[in-house]
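First the structure, in the form of structure tokens, and then the observations on it.
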Amino acid sequence: MFLSPCRTGAETVMPTTTIGTQTVGLAVGPLFPIRLMPAQSSKLFGTAAVPSWTMALTDPIGSDWYRGQIGIGAELPTFRTDEPVTAYGVGVTPKLVYTFTALNRLRPYLEGGGGPLWTDLGGRVPEQPGQFNFLVWGGAGCSWFLTPQWAVQAGYRFVHISNGGTRQPNSGLNFGMPFVGLSFNLF
């Protein structure tokens, strides 16, 4: 009898995400350099803040551990590098998300996106000859729903910035981004 109220309370937190559910969030985290090619010589460290919007396109599909939903959205990635060059960047990226829903309050997800990015790194590091670039990223994370609307998040992203071959050189910059965040289901 003593455990029943706790169990009932935990069950009421289980979120329901249906087609059209919209979520807004904010993720923040450090950026650290990942050099994959010899031409990527810069060691830029910094921080990023990524406000986002997502909408569920499907009700949960599947019937096992892979049960989940597909969503689309957009983000406004912003960053600042501090070492060895202080620089800023801002972009807009559409995104695609697959959220696993079989674990109730715990919602692992896979996501990725890409789009245009402006940064003042152009001409200040050997990998970036100009200010207009493209940002491509992919990652994974988990949301833990505190209430049916509010969730905390943690995860990791791989981020690539390059000019897409519009100028030379085009070796690009790569970053790792562990992040934490908070999200809210609007409706």
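Could you work out the helix-only [θ] at 222 nm for the chain, with each DSSP H run of four or more residues adding -39,500 (n - 2.57) and the total divided by the number of residues, to the nearest 500 deg cm²/dmol?
-1500 deg cm²/dmol
If you bin all the Cα-Cα distances of the chain at 5 Å, starting from zero, the percentages per bin are 1, 8, 15, 20, 16, 12, 9, 8, 6, 3, 1, 1, 0, 0, 0.
Please report the relative contact order for segment 19-185, taking Cα pairs under 8 Å with a sequence separation of at least 6, and give it as a percent rounded to a whole number.
Details: 495 pairs, mean separation 37.7, N = 167.
Computed value for segment 19-185: 23 percent relative contact order.
Under a 5 Å amide H cut-off, with hydrogens placed 1.01 Å from N, T17 pairs with nothing among residues at least 5 apart or on other chains.
A simple spin-label model places the labels of R105 and T58 2.7 nm from each other, with each point 7 Å out along Cα-to-Cβ.
When only DSSP loop residues count, what trypsin sites (Lys or Arg not before Pro) in segment 62-113 have their Cβ near at most 14 other Cβ atoms within 10 Å? Passing sites in segment 62-113 are R67.
Of interest is the spacing of the C-alpha centroids, which for segment 64-86 and segment 113-187 amounts to 5 Å.
For the chain, a crude dipole built from +1 on the beta carbon of Lys and Arg and -1 on the beta carbon of Asp and Glu, taken about the Cα centre, is about 140 debye to the nearest 20.
Under the 0.36 nm per residue contour assumption, what length would be gained going from the current alpha-carbon distance of Q168 and T18 to full extension?
Numbers: separation 150, 0.36 × 150 = 54.00 nm, distance 4.61 nm.
Computed gain between Q168 and T18 is 49.4 nm.
In terms of surrounding Cβ atoms within a 10 Å radius of their Cβ, F32, F79, F175 rank from fewest to most as F32, F175, F79. A simple spin-label model places the labels of F184 and F132 3.6 nm from each other, with each point 7 Å out along Cα-to-Cβ.
Taking amide H positions as modeled 1.01 Å from N, with prolines and chain starts lacking one, no residue 5 or more places away or on another chain lies under 5 Å from V92.
Rule-based calculations on the coordinates, nothing more; no lab input. Given the structure is predicted, the values throughout are model-derived calculations rather than measurements. Please note: Cβ atoms are built from the backbone with ideal geometry, for glycine as well, and neighbour counts cover all protein chains shown.
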